[in-house]
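For reference, the structure discussed in these notes is given below.
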């Protein structure tokens, strides 16, 4: 059972740069305001992906 949640309309296919788009609320997803993330490191770059909506930020 998946519940609906409000989003702010960010393009989820794009990886946002943290320097250009810092967190609106520290430690929360800018798109859906969720607090859980999947984190990975690839090519020396830290990538954070929201577990609810899939928004990605390169930190």
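The values are calculated or read from the model by the stated rules, or taken from the named source; none is laboratory data. All values reported here derive from a predicted model rather than from experimental measurement. Note: ideal-geometry Cβ built from the backbone for every residue, glycine included; neighbour counts use all protein chains shown.
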Legend entry - Qualifying residue in segment 41-57 (condition: surrounded by fewer than 10 Cβ atoms within 10 Å (Cβ to Cβ) and part of a strand (DSSP E or B)): yes
Legend entry - Condition met for residue 7 (surrounded by 14 or more Cβ atoms within 10 Å (Cβ to Cβ), under 15 Å from residue 54 (Cα atoms), out of contact with any helix residue (DSSP H, G or I) (no Cβ under 7 Å at 6 or more places or on another chain) and modelled with pLDDT under 95): yes
